Structure formats: C-alpha cells, structure tokens
Amino acid sequence: MTENILTEYGVFCPLFHEKSTFSTNDLAKEYEKTFGTDAVFVADTQTGGRGRCGHTFLSPEGGLYASYLFHPTSPAERMHVTAAAAVAVAEALREMGVAPSIKWVNDVYIGGKKVAGILSEGAIENGKYRYAVVGIGINLADGCEKAGIADIATSVEAESGRIPDKTALLGRVLSRFLEALADDEKTMRLYRENCFVIGKDVEVRDGELAYPAYVKDMTQNGELLLKLPNGEEKTLCAGEVHIRVKQTK
Ligand code: BTN
C-alpha cells in the first residue's frame, strides 16, 4: 500500500505499510535497488527486526517500526545520521511529556530503560552517501512485562499512560530528523547534552574484549572521550563497540 500521509510533516515521499515483514530496513534496501528514490516503510510487526552489531530487535505488535530511505547530499563524514535520529526520537517523545535521554550510540532511554533503538545503514562511495536508511523502533504499547524484558525495557504507554497515534508520532520524528540533519552543529550539541553516559563509569565491550572506563565527554563528531583506570585517555568510535553503564549502589 502506498500513501502520502506524511506531507503535513514535511516528508514528501511515499509510505509503504506492511502488516508484517522481516525488517523494514531490508524493505528499504530492496526498494533502493529497484527505484533509487526516497521512501518510508512501516510494519506492524517484524519477524527479523535487528539492531546494531546483528542484535535482535524484538518487534511485536504495538510498536512503531519504520525505516526512512533517503539520499543525503552532504559528504558522508559530515553526516551524523544516527545522532540526528536519536535527537529526533528524543525530541518527539519529550513533546509527549516523557523525559527521554540518549544512550550512546543509538538508543533512547526513559528512566534507565530502553524505549527506542535506531539502526542506520547505507552505502558510501567516494566519501558520499549513495543512499542511507535510518531504521527506528519505538516501544509504544506496554508489552515489556509479557515479553519478560520489563527490567531493561519500557514503553511510551508505561511512561506516559497513553499510546500515541503511530502516523502522527512517525511524522513528528521524521520532521525533527530532517531538521536535525540540516544543522549538524546544533544536532551534535543536543546529542551530547542528552547523552546520559557522560560522567558515568561504564564497561566497554569490543568483541571479546571488555574493560572499565570513565566517560569524560563527547567530541563534536559524537565519539566518546574515555579515561581508563591507568589514567590513559582514549577516544571511542561507535564501530562494533557497546557500552554498559555501571550501576551505582
Ligand atoms: C538497536 O536496538 O540496536 C537498534 C534497533 C533498531 C530497530 C529498528 S525497527 C525498524 C528497523 N528495522 C530493523 O530491523 N531495525 C530497525
């Protein structure tokens, strides 16, 4: 089904809605191969939803699962697609009266629990994006208890007492996202200001390697500045790295 229902949010490309699909990011990449134009893909459920580093992203009914395929014109190194999406999701949720913050690199949290995740993919050639796909998953209805993940995940319903209209929320997220893409400097400032891992002790997981560190700050490019227990300082790029915030007693 093709609809143009996001024009009032400044998004002028077709939207394809599926009841169930493997992954909306895959739909976007397939579409890119055939048509090569911008489009939005939404599914009520995903059977193969995924996050960074090949992690599974549980996608039962009651969530918003969407991917935006677009063709950035700026050089790839100046694009901060994941940061722009995280800022956009956080802003759109804040407008609903909840208090989200960003867990570097690509997650949005409320009260210490994950409410949304972002998976940016794309193809870069000669320092420029050929295309980019930003996939956004937001837990809307309160199914965390049932799914046995209530200790680590939350939902918009659990935090605000209501389930937002999916189209309206997606429209607000994408319009904030387009604004965020247009102003790198402001976006990276907001990304840093909203990133709750700064000033925290964390455990860094890099493949088989795990080590403790203190997060001193974030660079303008969105990398973390770490202080290691031996006093050394290190810059952490996203790559295949995960961090876990240590609980304070
Ligand atoms: C993460 O938790 O690391 C990111 C999760 C991203 C999930 C979204 S849902 C829509 C799109 N399709 C996917 O398979 N993943 C993204």
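The values are calculated or read from the model by the stated rules, or taken from the named source; none is laboratory data. Please read these numbers as outputs of a predicted model, since none were measured by experiment. Every residue, glycine as well, gets a Cβ built from its backbone with ideal geometry; the counts of neighbours run over all protein chains shown.
At a glance:
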| read-out | value |
| --- | --- |
| Selection count, the range 14-53, where residues are hydrophobic (A, V, I, L, M, F, W, C) and more than 10 Å from the ligand (Cβ to nearest atom) | 5 |
| Close pairs (8 angstrom Cβ cut-off, 6 or more residues apart or separate chains): part of a strand (DSSP E or B) in the range 34-52, among the basic types (Lys, Arg) and more than 9 Å from the ligand (Cβ to nearest atom) anywhere | VAL42/LYS166; ALA43/LYS19; ASP44/LYS19; THR45/LYS19 |
| Residue ID - nearest to the chain's Cα centre (by Cα), chosen from residues in the range 72-103 that are more than 10 Å from the ligand (Cβ to nearest atom) and among the hydroxyl-bearing types (Ser, Thr, Tyr) | SER101 |
| The range 104-118, subset more than 12 Å from the ligand (Cβ to nearest atom) and in a strand (DSSP E or B), residue farthest from ARG244 (Cα to Cα) | ILE110 |
| Filtered residue count, the range 114-169, keeping only those that are of a type in the set (Lys, Arg) and within 28 Å of LEU69 (Cα to Cα) | 4 |
| Failed criterion for LEU64 (all others in (1) at pLDDT 95 or above; (2) touching a His at 6+ places or on another chain (Cβ under 9 Å); (3) not hydroxyl-bearing (Ser, Thr, Tyr) hold) | (2) |
| Count - residues of the range 54-71 that are within 11 Å of the ligand (Cβ to nearest atom) and in contact (Cβ under 8 Å) with a residue 12 or more places away in the chain | 9 |
| Residue identified as in contact with a helix residue (DSSP H, G or I) (Cβ under 6 Å, 6 or more places away or on another chain), surrounded by 15 or more Cβ atoms within 10 Å (Cβ to Cβ) and part of a loop (DSSP other than H, G, I, E, B) among VAL89, VAL98 | VAL98 |
| Evaluation of GLY222 against (1) under 16 Å from VAL105 (Cα atoms); (2) at pLDDT 95 or above; (3) under 18 Å from the mean Cα position of the chain (by Cα) (one fails), failing number | (2) |
| ALA123 of a type in the set (A, V, I, L, M), without any contact (Cβ under 8 Å) to a residue 60 or more places away in the chain, part of a strand (DSSP E or B) and away from the ligand (no atom under 15 Å from the Cβ) | yes |
| So ARG172, is it surrounded by fewer than 19 Cβ atoms within 10 Å (Cβ to Cβ), away from the ligand (no atom under 16 Å from the Cβ) and basic (Lys, Arg) | no |
